[in-house]
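The values are calculated or read from the model by the stated rules, or taken from the named source; none is laboratory data. All values derive from a computational prediction rather than experimental measurement. A quick note on method: Cβ atoms are made from the backbone with ideal geometry, for glycine too, and the neighbour counts reach across all protein chains shown. Accessible surface areas use protein heavy atoms only, side chains included; no ligands, DNA or RNA. Shrake-Rupley method; radii C 1.70, N 1.55, O 1.52, S 1.80 Å.
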Amino acid sequence: MMSTKNLLGEFKEVKYSSPRSLNRSIQVELEKDVLTNIAPGLIVSVAGALLLFILATNLNPTPWHWAWFAAVSLGSLAAWLWQVAISKETTPTRPQTQSIIIASSLLSAALYGLATMLFIRSDQPANSALAAITLTTMTFAWPLSCALVNSLRHLFLALFFGPLLVSLLTYSPEPNPGFMVLAVAAWLVIERNIRSQRGTFSRATGDKLKAGERADQVIATSQKIASLIEQTPLGFIEWNQQREIISWNPAATAIFGYDKEEALGRTTDFLFDQEKSFLLQQVENDLFLFGKDFTGTAENITRDGTIIICEWNDTPLFDEAMNVVGAASFVEDVTDRVKLETRIKQQAYFDPLTGLPNRHRLMEELNRVVALAQRKQSYCSLLFIDLDHFKEINDTRGHHYGDLALTLFAQRLRKIIRTEEAVARLGGDEFVVLLENLGTEEEPSRLRISQVAEKIIDAAREPFVIKDEKFRISCSIGIVLFNDGSCDGDAILQQADKALYTIKREGKSNYYFHNQKLPSELQIQAVLLEQLRDKSKNKSFLPYYQPILDTKTNLISGLQVFLRWKNPDNELIAAGEIITLLESGSMIVDITLTLLEQICHQIDLWRSQDLWRDDQKVYFTLSLRELEHPSFTASVEDLLHKYSVNPRNLIFTVHTETLPKIHNPLSIQLNGLRELGIRFIVDNVGYQSLPIQKLREFEVDTIRISHKLMAECPYMESSWNLVKGLIELAKSVGLKCIAPCIEEPEIHHLLLDTGCPLLQGNLIAPPSPAIAITRMLIERNVQSETESTA
């Protein structure tokens, strides 16, 4: 066998070109091997010659016997000295090896043949037979004969057996067939023995050559692989089952910054972010438990702490029993490539100005949502948004201002929409919102969409502050609701565009559903919502005041504010009928500020009429919407300064269900209001569990009992007992208590008996407009003056 290289430089095993080349190699190895045995062969030859000479001594040896023995001894000595000479200085060449083997073998055979003619005599049959056997044995035992090629081997046998046959014929004029058969048999035995030795050695030598060739191939391949690993631009890391690094090439040093000596023996953990070690564990499971290759990217940490992105190609390494004993990893730093791909993807799928998905990305997402709606039969919606009056900013201030306005609106839009729902910019001042998984019922889905549309419209109405200038715009929205695959993405977008065109034609700053009518109940709500939005900035929202009586002085201690709305039909609508719709959007903040301005103005008016005492309070209920609004505190402060109202005259009421929802940003808002001097009370106490500790944390000195609990007192003794317990508990911890909803005289008397300090209800006075409260304040003051005079 021999080795060649393929085009990749990899070694592969091929067959020898011909049997002759293999035989030649085996012959060379055979000659090298038998040359080492020439000394024992010569010793056997000399020993046999000595034995024959001893036999000849009994026969009165002649000078010819002496000459033969001397020739054998001198020839053996010469051959030995020749072998020593050529082996002493350097490795013998093949011609030298062949020469000494051939010369020694043929000389020995010739001398053995000559010995048959000297030692086989007719008058000494016993000695002659012994001589023939000795010579045949010497020929059989000659160790160099198996290294002779066929022609020389036959010549070697002929030089011995030829004279032997001549001697046998001479010994007996009439040839004995037995002697002839024995001679031929001896020839065949010696020939077979030589062939057997040669065959055995040839097979062993062939296997040895093949093993050597394979060893050479493995060494050459290992050297080639080692050279490639050292020269490859890919980092190479080999690690065992304990994840200890056992091989590290220069490219790995270039990638991670660690020298080979620093990396060897360490586990691979130092190359990865510890917070993402679970990913490494998953890779190890694939490699060591399942013996599978792994290819993927991961964030890695270099020696100087830089985060890079590398592509890992991990391959398990097996032992002879196919047990995984480690892994080999080729690593490439693909940070630049990933950044480039991300940048290309960003340019292909995202709007460079706002960072929102563009039309191309939107259409992919829309097709996915259409398939989702068809599969789940769940309603989804597309809202097509167009900014109103945006062109005025571009025309008056230039495109730079317009771009800033678009960016600000995109930020507001992203805050309104949940992260799992899509927001995209189509181009210009057009945006799209995709809502999914709205439910399987159409009416609730429409209501949710309406609420989202309302929030978007409110967000657009908020002034845009650009370089210290305020700009006001609005938006119109065309809406498509779908829950099947009857229309593709392009058709849905066209329908939304038509709906948008309809609403912009009939009046901007509104929304419109494509080609559908709302059911009667939702239609009423939608109409009502539109009316509320249109009236949110004017005086159609009115404060009504309900007096709170101080049981000790029998004077009005404060006024609870109730919202009333005068609709376009001049009907007065109570807050309970519209509060849910108001709190669905940010309009509740505008309405609250409108009411607070009217209240502050009214306090200023009563104060000028000498009807308002400094210890009197106005109680106003806040929702989460006001507390979440970033400019609410500043707006309240402006109103207080504008009308010179003492902040302690204003008490904000917070419901018990609102308290658990107050987190850090809301706490900051509350603290800002407290810093102005405004105090808080907690409403609806008793109907839901609320620990006293929570009240202390909220820093209140007054609570209002639940309206529902008070309403149950006339016919539920348990509710009345709970009210009495709350009053006593409030007294014990130093809190004042307001008992609302007093409708029955009996409950009024019972509350007076308990010593409840503050009472409120229609029995005392119903919620009334400011003019009625003015008359009541006048009457109370006159009554108070009369009582003091008396």
3J(HN,Hα) from dihedral phi, the range 243-260, Karplus parametrisation 6.51/-1.76/1.60, rounded to Hz, x for glycine, proline
6, 8, 6, 10, 8, 7, 9, x, 5, 5, 5, 5, 6, 9, x, 9, 5, 4
Which value, in debye to the nearest 20, gives the size of the charge dipole of the range 369-435 about its Cα centre, when Lys and Arg are +1 and Asp and Glu are -1 at the Cβ?
420
Find the accessible area per residue for the range 369-435; the probe is 1.4 Å, ligands and nucleic acids are left out, and the unit is Å².
43
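Please work out the FRET efficiency for the pair residue 571 and residue 389, using the Cβ-Cβ distance as r and a Förster radius of 30 Å; give the result to the nearest 0.05.
0.35
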In nm, spacing of pseudo-spin labels at residue 360 and residue 149 (7 Å Cα→C-beta vector)
7.7
Obtain the nm distance between the two label points defined at residue 66 and residue 657 by a simple spin-label model: each point lies 7 Å from its Cα along the Cα-to-C-beta direction.
14.3
Find the centroid of the Cα atoms in the range 60-78 and in the range 422-437, then give the distance between the two in whole Å.
118
Length released on extending from residue 715 to residue 47, taking residue separation times 0.36 nm less the Cα-Cα span
226.4 nm
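If the limit is 32 Å between Cα atoms, which of 415/470; 566/724; 260/339; 566/708 go over it?
The answer is 566/724.
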Using a simple charge model, +1 on the beta-carbon of Lys and Arg, -1 on the beta-carbon of Asp and Glu, nothing else, what dipole does the range 422-464 show about its Cα centre, in debye to the nearest 20?
120
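Can you give the FRET efficiency for residue 468 and residue 605, using 1/(1 + (r/R0)^6), R0 = 51 Å, r = Cβ-Cβ distance, to the nearest 0.05?
Details: r = 36 Å, r/R0 = 0.70.
Calculated transfer efficiency: 0.90.
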If the chain between residue 99 and residue 322 were fully stretched, how many nm would it gain, using 0.36 nm times the residue separation less the Cα-Cα distance?
75.1 nm
